[in-house]
Amino acid sequence: MTVTDKTMTADEVVSRLSSGMAIGIGGWGSRRKPMALVRALLRSRITDLTVVSYGGPDVGLLAAAGRIRKLVAPFATLDSIPLEPHFRAARQRGGLELTEVDEAMFMWGLHAAANRLPFLPVRAGIGSDVMRVNPGLRTVRSPYADGEEFVAMPALRMDAALVHLNRADRSGNGQYLGPDPYFDDLFCEAADTAYVSCERLVETAELAARAAPQTLLVKRHSVTGVVETPHGAHFTSCVPDYPRDEAFQKAYATAAADPAAWAAFTARFLPADGSEKSYRSAVRTWHEEQK
């Protein structure tokens, strides 16, 4: 059987995206985010996005650049820094529309989309302000004897999903080696197209040989393209390959508080004419300066 080689570059992934799309971004907070793909997206002119994410610096960077029209998320955090600073600034200035739902509601929205259902019933949200701040949400009542009322969580359908994993093969099978899958498989299955960046491309046999079967999270049938991007989750964590770069994350968050500092940060690390290679070089130089 011939297996399709789905490898491509980050810029090739972005060339398949367009303004106005709904983009899902995997990972969780400041953990295993597909940051190399986000940086490639920032180098493009794509804008007016609906972003679906357990938000972290992916949301922050896109919000700071004015690329997000609508955000669907249960939170936006840097983990060790509780609130993502650019997300906070965007909300305070009314820079984006927000659909904020409970974490479990978000997960069931992904499940609904992955199963091509219009919604799924969920207990989360009942008795909370979720219904008040999201007046478009509806409830449904069980048709059985219990008659229980549930939130009807709409499917979170996406045009494209971006996720980052520890290992992948050329056909799109993806493996996580850390402690948590972060729903990356649901993002891929809930989207019309899905792009997996990984720390290292390996042969398919190696995926199964070096870790438990349940780590083979993303299946090739749901993947459109694969990108090998060492340190592609930086500055978020991608354990066991590397931890979060706390020093750099602090510099990122500190720069967000001052327009001049942020302009200097983006000029150094995120220039429009830059590349992932130049980004890694700039980060290495910065760390050397800190010593």
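The values are calculated or read from the model by the stated rules, or taken from the named source; none is laboratory data. None of the values given here were measured: they were computed from a predicted structure. As a convention, Cβ positions derive from the backbone with ideal geometry for all residues, glycine included, and neighbour counts pool all protein chains shown.
Scan Val14, Val3, Val38 and give me the residue that is touching a residue at least 12 places away in the same chain (Cβ under 8 Å) and either more than 22 Å from Glu228 (Cα to Cα) or more than 15 Å from the chain's Cα centre (by Cα) (or both).
Numbers: Val14 fails: either more than 22 Å from Glu228 (Cα to Cα) or more than 15 Å from the chain's Cα centre (by Cα) (or both); Val38 fails: either more than 22 Å from Glu228 (Cα to Cα) or more than 15 Å from the chain's Cα centre (by Cα) (or both).
Just a single option satisfies the conditions, and that option is Val3.
Run down Tyr195, Tyr182 and say which single residue is assigned to a loop (DSSP other than H, G, I, E, B), touching a strand residue (DSSP E or B) at 6+ places or on another chain (Cβ under 8 Å) and crowded, with 20+ Cβ neighbours inside 10 Å.
One residue alone meets the criteria, Tyr182.
Please name all residue pairs, on different chains or six or more residues apart, with Cβ atoms under 6 Å, provided the first residue is in the range 254-274 and is over 18 Å from Leu42 (Cα atoms) and the second residue is modelled with pLDDT of 95 or more and not small (Gly, Ala, Ser).
none
Please determine whether any residue of the range 225-246 is modelled with pLDDT of 95 or more, surrounded by fewer than 17 Cβ atoms within 10 Å (Cβ to Cβ) and assigned to a helix (DSSP H, G or I).
Among the residues of the range 225-246, at least one is modelled with pLDDT of 95 or more, surrounded by fewer than 17 Cβ atoms within 10 Å (Cβ to Cβ) and assigned to a helix (DSSP H, G or I), which makes the answer yes.
Would you point out the residue of the range 73-85, among those that are crowded, with 16+ Cβ neighbours inside 10 Å and over 16 Å from the mean Cα position of the chain (by Cα), that is farthest from Phe248 (Cα to Cα)? Full working, then the answer.
Applying the first criterion (crowded, with 16+ Cβ neighbours inside 10 Å) to the range 73-85 yields 73-79, 81, 84-85.
Now drop any that are not over 16 Å from the mean Cα position of the chain (by Cα), which leaves 81, 85.
On the way: Ile81: 12, Pro85: 14 Å.
This residue is Pro85.
Anything in the range 258-270 that is of a type outside the set (A, V, I, L, M, F, W, C) and either surrounded by 14 or more Cβ atoms within 10 Å (Cβ to Cβ) or within 20 Å of the chain's Cα centre (by Cα) (or both)? List them, or say none. Show your work before the answer.
The first filter runs over the range 258-270 and keeps only residues of a type outside the set (A, V, I, L, M, F, W, C), leaving 258-259, 266, 268.
Matches in the range 258-270: Thr266, Arg268.
Please work out which one of (1) in contact (Cβ under 8 Å) with a residue 40 or more places away in the chain; (2) surrounded by fewer than 22 Cβ atoms within 10 Å (Cβ to Cβ) is the condition Asp169 fails and give its number.
With (1) in contact (Cβ under 8 Å) with a residue 40 or more places away in the chain; (2) surrounded by fewer than 22 Cβ atoms within 10 Å (Cβ to Cβ) applied to Asp169, the lone miss is (2).
Taking Ala255 as meeting all but one of (1) buried (at least 18 other Cβ atoms within 10 Å of the Cβ); (2) closer than 29 Å to Cys188 by Cα, write down the number of the exception.
Every listed condition holds for Ala255 apart from (2).
Give just the number: which of (1) under 22 Å from the mean Cα position of the chain (by Cα); (2) in a loop (DSSP other than H, G, I, E, B); (3) of a type in the set (A, V, I, L, M); (4) not assigned by TED's automatic domain parsing to the domain that holds Cys198 does Leu177 not satisfy?
Unmet condition: (4).
Looking at the range 19-72, which of the residues that are in contact with a Lys or Arg (Cβ under 8 Å, 6 or more places away or on another chain) and of a type in the set (Val, Ile, Thr) is surrounded by the fewest Cβ atoms within 10 Å (Cβ to Cβ)?
Out of the qualifying residues, it is Thr47.
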